[in-house]
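Taking it in order: structure first as C-alpha cells, then the write-up.
The values are calculated or read from the model by the stated rules, or taken from the named source; none is laboratory data. The model shown is predicted, which means the values in this text are computed figures rather than measured ones. So basically every Cβ, Gly included, is an ideal-geometry build from the backbone, and we count neighbours across all protein chains shown.
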Amino acid sequence: MEKIIECIPNFSEGRDEEKLNQIIGEIESAGVDLLDREMDPSHNRAVVTFVGEPEAVLEAAFRGAKKASELIDLTKHKGEHPRMGATDVIPFVPISNATTRECVELAKRLGKRIAEELQIPVYLYEAAATRPDRQNLANIRRGEFEGLRDEIETNPDRRPDFGEPKIHPTAGATVVGARFPLIAFNLNLDTSDVEIAQKIAKAIRFMSGGFRYCKALGFELKNEGVAQVSINMTEYTKTPLFRVYEMARREAERYGVCIKESEIVGLVPEQALIDTARYYLQLDRFNENQILEYRLRGKAGKQSILEFLNDLAMSKPTPGGGSVAALEAALGTGLLAMVTGITVRKTKDAELKDFHGHLKLEMYDFYKYIDKDKQAFDEVMTAFKLPEESPEEKKAKEAAVQDGLKNAAQVPLEVCKKILLVYPYAKTLAQKGLKSAISDVGVALHALHSGFIGARLNVLINLKSITDDEFNTSMNTTVDSLTKQEEKMFREIEKIFLTTF
C-alpha cells in the first residue's frame with residue numbers, strides 16, 4: 001500500500017484569492033491531491049490541505065513555500081492571527097502506511113531545502129523539534145515577524161534550525177514539523193469584547209492551566225463585529241471537542257455572553273464528530289454501524305465483531321482468510337494502543353505520548369482491510385461468471401480474472417507491509433510498557449505475527465493462478481523480503497518480551 005502523508009501549510013494571505021490560487025497551482029503541479037482550502041480575511045490567513053506520497057508532498061510543500069515567498073510581503077501584512085512567515089507553518093501528518101518518524105524526516109529535509117534555496121530561516125516544531133521549548137509553535141512565533149526580525153541576529157535562543165540567523169526581508173521565517181491530525185476549531189461570541197474571548201481562551205488552553213491538548217487565543221473579528229476564541233485541538237482522542245466546547249460555553253456565561261456559532265477550519269476526522277454527537281445526544285448504546293451511509297458503503301470497518309463472525313461462518317467464500325488476517329492485525333494494534341494509553345497515564349513517558357492516537361488510526365485502517373479483502377475476492381468470482389461464448393468474450397473474461405487475481409494478491413500484501421510499520425511500536429512497548437500489561441504486549445505481538453502469516457498465505461495462493469510471470473516474480477521477491485524482515489523483527493521483539501515477562 002502506498003504511503004499517504006497529509007500536509008497543511010498556513011499562508012499569510014487571506015484576502016487576495018488570486019495570490020492563493022497561484023500558490024495552490026504550484027502545490028498541485030507536484031502531483032498531490034488538494035483536499036481543502038480556507039481563507040479568512042480577518043486573520044488574513046489561508047489554510048491549505050493536501051495529501052500524497054511522501055516525495056510528492058515534500059515537493060508540493062516546497063513549491064508552495066517558494067511561490068508564497070514571491071507573492072507575500074510581511075512588511076505590508078496585517079491580520080488578527082499571529083504570523084512570522086509568508087508560509088507561516090508547514091506540518092506533516094501521517095495518514096496511511098506512514099509514521100510520525102517518517103514525517104519528522106520529511107520536515108527536516110524540507111526545512112534544509114527552504115533555508116538553502118530560498119534563504120528563509122526555518123524552525124522545527126512539535127515531533128520534529130530539536131529543543132523542548134520549540135515543541136510549542138507559540139514559543140517559536142513569539143513576537144511574530146517584527147519581534148523575530150529584531151532578535152534573530154543577536155539572541156542565540158532564536159537561532160533557526162536551518163539557515164543563517166537572518167530573517168528574510170519580506171518572507172520572514174517558516175516553521176516546519178510533524179504532528180498528530182489537528183482540528184482548527186473556532187468559537188464566535190455574541191459580543192465584540194475581545195477581552196472576554198481572551199479570558200475564555202486562557203481558561204481552556206493548556207499553557208494557562210486548561211486542557212492538555214488544547215491551544216487557544218482570543219481575537220476580534222472586526223469585519224463581523226464579534227470576538228472569537230480560536231482553538232487548535234492537537235489530539236482530539238485525548239481532549240475531545242465537546243469537552244472544550246462545554247468549558248468555553250460555561251466560561252462565556254460567566255461574562256454574560258453566549259457562543260453565537262462555532263466553525264471548523266479545514267478538515268476534521270470523522271471520529272471527532274461521532275464522539276461529539278454521542279456525547280450531546282447521550283447515545284451511550286450507539287453503534288457506529290447504525291450510520292446509514294456506512295451500511296450503504298458496505299464498510300466492514302463499521303461492522304460489529306459479532307456480525308463479522310456470523311458472516312465468516314456462512315457457507316460462502318467471503319469473508320475468508322485474508323479478512324481474518326486483517327482483523328488479527330487490527331486486534332494486535334488495538335491492544336498496543338491500550339497498553340500505550342495506560343502506560344502514559346502512569347509514567348508520563350514523553351516518547352510514548354503520540355503512540356496512542358497513531359496506533360488507533362492504524363487499527364481503524366487495518367479494520368477496513370477486512371472488507372477490502374472481501375471485495376477483492378468477490379471481484380474475482382464476478383469475473384469467473386462472465387460469458388465466454390465468443391473468442392472476444394473469452395479473452396475479456398481471462399483478462400478480468402487475471403486483473404481480479406492481481407488485486408486480490410495486492411490487498412493482503414498491503415496488510416503485510418502495514419504490520420511491519422506497527423512492529424517498532426510493539427518493540428518500544430515491550431521495553432517501556434507497564435509490567436502489569438506486558439502480557440497484552442505479548443498477545444498483540446503474536447496477533448500481528450499471525451496476521452502477517454495469514455496475509456502472506458493469501459498473497460501466495462493468488463499468485464498460483466496468475467499467468468503474468470513478471471508480476472509473479474516481482475511479488476515473490478517482495479514477499480520474500482517482507483518475510484525476512486518480519487521474522488527478524490518478530491524474534492527481536494519476542495526476545496525483549498520474554499526477558500521482561
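Some points to look at:
- For the stretch 348-369, the condition holds for no residue, the condition being that it is over 26 Å from the mean Cα position of the chain (by Cα), buried (at least 23 other Cβ atoms within 10 Å of the Cβ) and either in the same structural domain as T237 (by TED's automatic domain parsing) or over 20 Å from I493 (Cβ atoms) (or both).
- Residue within the stretch 469-477 that is over 30 Å from the mean Cα position of the chain (by Cα), touching a residue at least 60 places away in the same chain (Cβ under 8 Å) and in the same structural domain as A400 (by TED's automatic domain parsing) present: yes
- Hey, N223 assigned to a loop (DSSP other than H, G, I, E, B) and at pLDDT below 95 or not: yes
- Test result for S323, among the hydroxyl-bearing types (S, T, Y) and part of a helix (DSSP H, G or I): yes
- The listed residue being surrounded by fewer than 24 Cβ atoms within 10 Å (Cβ to Cβ) and within 25 Å of the chain's Cα centre (by Cα), out of V51, V57: V51
- Per-region count, the stretch 7-38, residues touching a Ser or Thr at 6+ places or on another chain (Cβ under 7 Å) and either of a type in the set (F, W, Y) or not in a loop (DSSP other than H, G, I, E, B) (or both): 3
- Qualifying residue in the stretch 447-458 (condition: surrounded by fewer than 16 Cβ atoms within 10 Å (Cβ to Cβ) and either over 21 Å from A330 (Cβ atoms) or outside the structural domain of P412 (by TED's automatic domain parsing) (or both)): no
- The helices (runs of 4 or more DSSP H) falling completely within the stretch 80-151 that include 3 or more residues that are buried (at least 19 other Cβ atoms within 10 Å of the Cβ) map to 100-118, 144-151.
- Selected residue (criterion: nearest to G433 (Cα to Cα)) from residues of the stretch 484-501 that are surrounded by 11 or more Cβ atoms within 10 Å (Cβ to Cβ) and of a type in the set (V, I, T): T500
- Residue under evaluation E393, criteria (1) over 27 Å from I493 (Cα atoms); (2) surrounded by 19 or more Cβ atoms within 10 Å (Cβ to Cβ), criterion not met: (2)
- Residues (under 30 Å from T130 (Cα atoms) and of a type in the set (D, E, K, R)) located in the stretch 176-202: R179, K202
- Of all positions in the stretch 463-485, none carries a residue that is closer than 20 Å to E362 by Cα, at pLDDT 95 or above, assigned to a helix (DSSP H, G or I) and charged (D, E, K, R).
- Within the stretch 235-271, considering residues that are aliphatic (A, V, I, L, M), at pLDDT 90 or above and within 30 Å of the chain's Cα centre (by Cα), the one nearest to F355 (Cα to Cα): L241
- Any pair with Cβ under 7 angstrom, 6 or more apart, that starts in the stretch 442-458 at a residue that is without any contact (Cβ under 8 Å) to a residue 12 or more places away in the chain and ends at one that is part of a helix (DSSP H, G or I): none
- Residue satisfying all of: in the stretch 319-343; surrounded by 24 or more Cβ atoms within 10 Å (Cβ to Cβ) and of a type in the set (V, I, T); nearest to L445 (Cα to Cα) among these: T333
- Out of F185, F180, one residue alone is in a loop (DSSP other than H, G, I, E, B) and modelled with pLDDT under 95. It is F180.
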